[in-house]
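Every number here is computed from the coordinates shown, using simple stated rules; none is lab data. Quick caveat: nothing in here was measured; it's all calculated off a predicted structure. Cβ sites come from the backbone with ideal geometry, for glycine too, and all protein chains shown count toward neighbours.
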Amino acid sequence: MANSNLRNLPAWSALTQHFSELANIPLRQLFADDPQRNERFTVQALGLYFDYSKHRITPETVRLLVELAEQSGLRQHIDAMFSGEKINVTEKRAVLHTALRAPKGKQIFVDGVDVVPDVHAVLEKMAGFAEQVRSGAWKGFTGKRIRNVVNIGIGGSDLGPVMAYEALKNYSQRDLDFRFVSNVDGTDFAEATHGLNADETLFIVCSKTFTTLETMANAHTARKWALQQLGDEAAVARHFVAVSTNRVKVEEFGIDSANMFGFWDWVGGRYSMDSAIGLSTMISIGPERFTEMLSGFHAMDEHFRTAPFESNLPVLMGLLVVWYNCFFDAQTVAVLPYEQYLKRFPAYLQQLTMESTGKQVTLDGTRVDYQTGPVYWGEPGTNGQHSFYQLIHQGTKLIPCDFIAFGEALHNLGNNHHDLLLANVFAQAEALAFGRTPEELRAAGTAEWLVPHRTFEGNRPSTTILAKALTPEMLGKLVALYEHSVFTQGTIWQIDCFDQWGVELGKVLAEKIVPELEAAGEPDLKHDSSTNALIRHYRSLRGTAK
Ligand code: G6Q
């Protein structure tokens with residue numbers, strides 16, 4: 001792995017020089033100068049058509065970015081991850097979400113133990129359980145079949161399950177209702193269980209640690225809610241299962257370890273949707289389709305591990321993020337799926353990317369002197385077009401966009417919905433890149449005073465990703481694409497993409513304040529004056545101040 005400062009790498013200096021030459025060349029000119037530009041900057045792999053020609057790059061940019069990746073040790077770092085080395089240095093852990101989708105028979109060792117058989121044993125246990133719930137063979141305490149599945153978890157134990165459920169709803173068993181509770185705000189639990197009968201409801205408590213405040217609060221509330229209706233502790237075994245690495249805590253909660261689905265410390269929360277954390281996904285779409293999703297993940301893993309960097313989708317995607325973030329000073333990346341089922345995909349990616357690359361020191365603890373992770377955000381198209389796209393088109397900020405679209409509609413309504421959708425995605429990418437010049441406006445008869453308002457500078461970069469249809473397999477490929485793009489970014493920035501000390505801090509801070517809110521008398525507050533006043537004011541609003 002590289003240990004030199006990023007700024008001292010020859011490719012970094014070369015890119016700095018190259019940027020100053022390229023920064024003012026518009027995309028219009030880059031396209032006009034190179035009739036082959038589209039073919040040059042389109043990669044087709046694994047059923048994905050990845051067009052990155054509308055980026056502010058030349059072949060020289062790609063050559064230098066690939067050199068940057070090489071000089072940063074990306075190849076060696078990829079090998080280190082896939083072979084189970086402890087590349088999460090601050091937590092001294094291997095990073096092996098890729099083992100979760102490794103086919104049977106592959107060998108991957110952690111501390112001398114092959115983990116692949118364990119992965120498949122859990123998958124088989126999940127499949128057995130999922131089939132029982134789907135078929136109705138799994139009976140609730142009163143003998144009724146399960147109709148509602150409520151996933152309780154937060155962060156990595158929620159965002160993946162929610163996103164995958166929404167993304168693959170088209171493939172879900174529709175006589176089962178899926179709901180998700182994450183927030184400690186009681187509204188979340190109340191609304192998620194509104195109208196449900198406990199005797200037909202299964203709770204999946206998802207928590208790697210089984211200590212997370214929000215999840216434990218919601219799990220205890222769920223148990224109370226269920227027992228109020230079912231009236232017998234023995235009902236817990238029929239209505240609660242757990243997904244965790246912490247057997248002791250699961251048993252303490254009262255869930256039989258026979259109803260626990262395990263995973264391992266080498267699976268990070270935000271990289272866990274294809275582990276047992278995906279149990280709700282498997283119940284929804286069935287084990288077969290879950291396996292298809294895993295094979296999509298695995299195909300992208302193999303592509304990332306073996307394809308030359310010049311035609312490696314996650315590497316190219318990650319390098320482009322570095323290019324805009326570090327050289328153009330772009331602060332964000334917009335992810336704009338033209339597929340309603342991907343409505344939670346940007347939210348999912350926010351955690352995957354920002355919890356991974358939101359770091360200010362390198363692996364050896366040195367403060368970085370360059371920008372790290374950008375803000376990821378987005379909404380499905382075409383809705384976003386009637387809202388925030390204005391700023392992307394004509395605002396003062398540079399926002400690289402990822403457009404994602406599919407050739408086949410999942411609902412063919414017998415008219416041209418899908419053509420309208422696709423026409424919009426192509427038009428947006430085109431308008432962002434090429435804009436509308438004052439000359440074009442004048443030629444179309446626009447009044448002179450309106451010309452500046454109606455001018456689009458263009459030169460706004462985007463990638464367009466096209467695939468045939470949103471299937472479980474394609475979802476696996478897309479998620480792995482972003483996972484490995486993040487890995488590429490983190491390797492260049494020399495940061496630990498797999499720890500999350502910021503999250504850990506949040507987990508301890510609130511616990512100090514809870515007793516101060518609940519104290520009977522006037523508590524002795526030792527925070528800053530603002531926090532002390534907020535606590536007192538809350539107590540008075542709540543009507544408990546003495
Ligand atoms: C993810 C983070 C974090 C975590 C949640 C839930 O990478 O570690 O989002 O997933 O804090 O943690 P538990 O699964 O332990 O409840």
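Looking at the chain, what % of its DSSP beta bridges pair antiparallel, to the nearest 5?
About 30 percent, rounded to the nearest 5.
Just want the ordering: 303, 393, 527, from fewest to most Cβ atoms lying within 10 Å of their own Cβ.
527, 393, 303
Rounding to the nearest 10 and keeping the result within 0 to 90°, find how far the Cα-based axis of helix 287-306 lies from the longest principal axis of the chain.
40
State the percent of C-alpha pairs, over all pairs in region 61-196, separated by a distance greater than 18 angstrom. Walk me through the numbers on the way to the answer.
On the way: 6627 of 9180 pairs.
Every Cα pair in region 61-196 considered, those over 18 Å come to 72 percent.
If I take the Cα coordinates of the chain and project them onto the principal axes, what are the three extents in Å, biggest first?
The principal-axis extents, from largest down, are 77, 62, 56 Å.
I'd like the trypsin sites (Lys or Arg not before Pro) in region 403-482 restricted to DSSP loop residues with at most 14 other Cβ atoms within 10 Å, sorted by number.
Numbers: sites: 436, 442, 454, 468, 477; in loops: 468.
Taking region 403-482 and a limit of 14 other Cβ atoms within 10 Å, the loop trypsin sites (Lys or Arg not before Pro) found are 468.
Using the count of nearby Cβ atoms within 10 Å as a rough guide to exposure, how do 513, 492 rank from fewest to most? Can you show the working numbers first?
Numbers: 513 16, 492 29.
Ordered by Cβ neighbours within 10 Å, fewest first: 513, 492.
Tell me, what is the percent relative contact order of region 168-257, built from C-alpha pairs under 8 Å that lie six or more residues apart?
Averaging sequence separation for qualifying contacts and normalising by length gives 29 percent for region 168-257.
Could you give me the ³J(HN,Hα) list for region 319-335, computed from phi with Karplus coefficients 6.51, -1.76, 1.60 and θ = phi - 60°, whole Hz, x at Gly and Pro?
Working through the residues one at a time gives 5, 5, 4, 4, 4, 6, 5, 8, 9, 8, 6, 6, 9, 9, 10, 9, 10 Hz.
Exposed loop sites here are GluC sites (Glu not before Pro) in DSSP loop states with at most 13 other C-beta atoms within 10 Å. What is the longest stretch of the chain lacking them?
In the chain, the maximal stretch lacking such sites is 1-407.
Return the inverse of the average 1/r over all pairs of distinct C-alpha atoms in region 443-482, which is the Kirkwood hydrodynamic radius, in Å to one decimal.
14.2
Taking R0 as 56 Å, what's the FRET efficiency between residue 44 and residue 174 from their Cβ-Cβ distance, rounded to 0.05?
0.95
Identify the trypsin sites (Lys or Arg not before Pro) of region 160-247 meeting these criteria: DSSP loop state and at most 16 other C-beta atoms within 10 Å of the C-beta.
Those satisfying the criteria are 174.
Of 80, 163, 360, which is farthest along the charge dipole of the chain in the positive direction, counting Lys and Arg as +1 and Asp and Glu as -1 at C-beta?
163
Over the chain, what is the relative contact order in percent, taking alpha-carbon pairs closer than 8 angstrom and at least six residues apart? Can you show the working numbers first?
Details: 906 pairs, mean separation 97.5, N = 546.
Across the chain, relative contact order equals 18 percent.
Can you list the lysines whose alpha carbon is less than 26 Å from that of residue 512, not counting same-chain residues fewer than 8 positions off?
208, 224, 249, 359, 526, 546
Please list the equivalent ellipsoid semi-axes of region 1-140, computed as the square roots of five times the alpha-carbon gyration tensor eigenvalues, in descending order and whole angstrom. If you can, show how the numbers build up before the last one.
On the way: eigenvalues 376, 121, 29 Å².
Three semi-axes, in Å: 43, 25, 12.
Can you sort 280, 462 so the residue with the fewest Cβ neighbours within 10 Å comes first? Intermediate values should be presented prior to the final figure.
On the way: 280 27, 462 24.
Arranged by neighbour count, lowest to highest, 280, 462 become 462, 280.
Remind me, relative contact order of region 1-70 in percent, using alpha carbon pairs under 8 angstrom and six or more residues apart?
Once normalised by length, the contact order is 38 percent.
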